[in-house]
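Laboratory data are not the source of any read-out in this text; all were calculated from the coordinates shown. Keep in mind that what you see is a predicted model, and the values were worked out from it rather than measured. Here the Cβ positions follow ideal geometry from the backbone for every residue, glycine too, while neighbour counts run over all protein chains shown.
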Amino acid sequence: MKTVLVRKPGDVKALEYTTVPDPTPAPDEVVIKVYRCGVCFHDLVTRNGTLKAGVKMPCVLGHEVAGEVVALGSQVTTAKVGHRVATTQRSYICGHCRFCRSGFEALCPTRIFMGDHGYNGGYAEYLAVSERCVTEIPNGVSYDSAAIASCAIGTGLNAIRDVGRVQMGEAVLVTGAGGGLGVHAIQLARLAGAFVIAQTTSQEKAAALKALGADAVVVHARGEDFSEQVREATGGRGVDVVVDNVGTALFSGIRKSLAIQGRWLLIGQLSGEFVPFNPAQLFLKNQSMLSVTSTSKRQLEDVLQLLRQEKLTACIDQTYPLEEAHLAHTRLEGGGAIGRQLLTPI
Ligand SMILES: [Zn+2]
Ligand SMILES: [Zn+2]
């Protein structure tokens, strides 16, 4: 099959379009014909070497997959050949540890994240994953939308509904609002009944972010403090919740934007840089930092239902054939896109 391999970290030239043997399913696995694979910032930081934890090279990138089941391992019980399926961001979970048994299988100690650990990524025509990591796509939901349901949308659902517990009438700041996670977090926070403020460094994106449901858009130059604008939009109070897709680069502005008792949801970290921080700045205002890590299968299924009900829209920027994965990475690195880039391996 055709695939895009990364043998060692580097720029976009590290993406090698090549041929490898087709995958065969282990007893608990299904083989998926990959119709769509989302391009995530995780892929960029894996490719360029910023991300090191858990990475095993050479690897096939991609953990946002939708496709059709074409082969089954001997112990597969529910999936059938011909099923339209979407994956969680993992290729393996044990299925029986305390995390797997309590809906937190994203934390399974023996999980294998998809797309940075050997040949288990979606930048390929075929992919073998445990059936525990796939779910059927409801009728009426396209492969385009289903591919990004777990990572680009489900992570936001996890943040806003389950970790952040956003309440009707609260104010929510979404950072990196024009990115793949941001455009969906805006919609999800709006669905939760929040007053939504979108942060971006791109004036060109402001109108689109409003159209997606942002009540206010904060535009600022890179490196500039935007917290005054956030305070202004909230009558001086600040925001109850921050959905932070950016990390270090916005740290100070976010801290100053948080209201008393604010919840800071840590989701994204776009660089390898550290940040100086005095814990008293947070606890004197009774503020919390909370971690959001990927998406459970249940959260993925809830997102697919929201898509089927047309309560939110999957925002796709551009679609590329597999051999043009480097163009998708260049577009994502450039920061000008609104929404996700998709690959069409088949
Ligand atoms: Zn992702
Ligand atoms: Zn487990």
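Quick notes on this one:
- Each label point was placed 7 Å from the Cα along the Cα-to-Cβ direction; for Ser291 and Cys94 their separation is 1.8 nm.
- J(HN,Hα) series, the range 23-29, from Karplus relation 6.51 cos²θ - 1.76 cosθ + 1.60, nearest Hz, glycine and proline x: x, 10, x, 5, x, 9, 9
- Stokes-Einstein D for the chain, Kirkwood Rh over Cα pairs, 25 °C, 0.890 mPa s (µm²/s): 121
- Look at the dipole of the range 105-173 built from charges on Cβ: of Gly140, Thr155, Asn120, the Cα furthest out on the positive end belongs to Thr155.
- The range 153-291 - convex hull of the alpha-carbon atoms, volume per residue in Å³: 96
- ³J(HN,Hα), Karplus 6.51/-1.76/1.60, whole Hz, each residue of the range 278-286, x for Gly, Pro: 10, x, 4, 4, 8, 6, 5, 9, 6
- Sorted peptide list for 133-145, 91-103, criterion being average Cβ within 10 angstrom, highest first: 133-145, 91-103
- Cα lying deepest toward the dipole's positive end in the chain, options Ser227, Ala314, Gly49, charges on Cβ: Ser227
- Cβ-placed point charges (K, R +1; D, E -1), dipole of the range 153-291 about Cα centre in debye, nearest 20: 220
- Cα-projected label distance for Arg331 with Met57, points at 7 Å along beta-carbon direction, nm: 2.6
- Angle between the chain longest axis and helix 325-334 axis [Cα atoms, degrees, rounded to 10]: 0
- Lys/Arg +1, Asp/Glu -1 at C-beta; the range 223-346 dipole; positive extreme among Ala328, Ile338, Phe277: Phe277
- Table column - 3J(HN,Hα) (Hz), the range 36-46, Karplus curve with 6.51, -1.76, 1.60, x for Gly and Pro: 9, 9, x, 10, 10, 4, 3, 5, 5, 6, 6
- Expected 222 nm ellipticity per residue - DSSP helices of 4 or more, -39500 (n - 2.57), all of the chain, to 500: -5500 deg cm²/dmol
- With both residues required to sit in the chain, DSSP beta bridges show an antiparallel share near 55%.
- Near Gly122, the amide H atoms lying under 5 Å from its own belong to Gly62, His63, Glu64; only residues 5 or more places off or on other chains count, and H is placed 1.01 Å from N.
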